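Participant: Could you have a look at this structure, given as structure tokens, before my questions?
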Amino acid sequence: MARVLRWGLYLLAFLAAWPLVMTLVYAIVPPPVSNIMLLRALGGAGIDKQWVALEDISPNLPRAVIASEDARFCEHRGVDWREFQGVIEDALEKDEGPVRGASTIPMQTAKNLFLWDGRFAIRKLIELPVAMWMDFVWSKRRMIEIYLNIVEWAPGVYGAEAAAQHHFGKSAKNLTKRQAALLAAVLPNPIKRNAGKPSRGVRRIADRILIRMRGMEPYLACLAP
């Protein structure tokens, strides 16, 4: 029993150290795969991905994703505590639970790289400090670069370049504002939503994202080279 406990502690120490150490590594080296990619692959999905630098991605895409997913991306330090407080208040005040999310781009990057999918309280508890650590180590440009290269945009399709080729038959560098908005619109559910053949609902979401993008420029200073 003592040996089992000792090895259990070793395992926990390794799991705790892994995201801390690999965050430092990924500050320089592109992540080859993410936990989500590996978990999806175990379920039978393929992995279609190709790393591209942020300079080789149309600026329309980070603008659309930030406008849709994390409008205060440049302001917070990994966790948007203002939005997080709103979610907690929703959960306390409404019997049906919270009606919005508070997952920032750093939190989503932490989940994709090191954790797993699904609504689990324990995952959220791990996600928060990992997101803050990554935001401390990486610049905002590095954060959005990694996120855009690992996030899933269709079943088995990861990253901006693979998504642009899959949905629009073009390079990520040549995405239009409309195409970028459509890609951002499918992020909450890339398994069911399709940017290349958008439903009426996806088109409506993309329209709202395009409106938000018009006023985003003052909030994107952290993306400047």
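The values are calculated or read from the model by the stated rules, or taken from the named source; none is laboratory data. This one's a predicted model, so the numbers in the text were calculated from it and none came from an experiment. Every residue, glycine among them, receives a Cβ derived from its backbone with ideal geometry; neighbour counts consider all protein chains shown.
Participant: Scan the stretch 198-211 and tell me whether some residue there is assigned to a helix (DSSP H, G or I), surrounded by fewer than 23 Cβ atoms within 10 Å (Cβ to Cβ) and among the hydroxyl-bearing types (Ser, Thr, Tyr).
Facilitator: no
Participant: Oh, and also: Identify all residues within the stretch 123-169 that are part of a helix (DSSP H, G or I), within 11 Å of the chain's Cα centre (by Cα) and not hydrophobic (A, V, I, L, M, F, W, C); write none if there are none.
Facilitator: If the condition is that a residue be part of a helix (DSSP H, G or I), within 11 Å of the chain's Cα centre (by Cα) and not hydrophobic (A, V, I, L, M, F, W, C), then GLU145, TYR147, ASN149 are the ones that fit.
Participant: Still on this model: Could we say that TYR26 is closer than 20 Å to SER139 by Cα and not acidic (Asp, Glu) here?
Facilitator: Details: closer than 20 Å to SER139 by Cα: yes; not acidic (Asp, Glu): yes.
So TYR26 passes the test.
Participant: Quick one: how many residues across the stretch 41-87 are over 20 Å from ILE209 (Cβ atoms) and either modelled with pLDDT under 90 or among the aliphatic types (A, V, I, L, M) (or both)?
Facilitator: Residues meeting the conditions: 16.
Participant: In addition: Out of (1) surrounded by fewer than 15 Cβ atoms within 10 Å (Cβ to Cβ); (2) under 19 Å from the mean Cα position of the chain (by Cα); (3) part of a loop (DSSP other than H, G, I, E, B), what's the single condition that is false for LEU20?
Facilitator: (3)
Participant: Moving on to the next point. I'm checking my understanding of the structure. Among residues of the stretch 90-139 that are of a type in the set (Asp, Glu) and surrounded by 11 or more Cβ atoms within 10 Å (Cβ to Cβ), which one is modelled with the lowest pLDDT?
Facilitator: Per the stated criteria, the residue is ASP90.
Participant: Regarding the stretch 187-197, can at least one residue be identified that is touching a residue at least 24 places away in the same chain (Cβ under 8 Å) and under 13 Å from VAL65 (Cα atoms)?
Facilitator: yes
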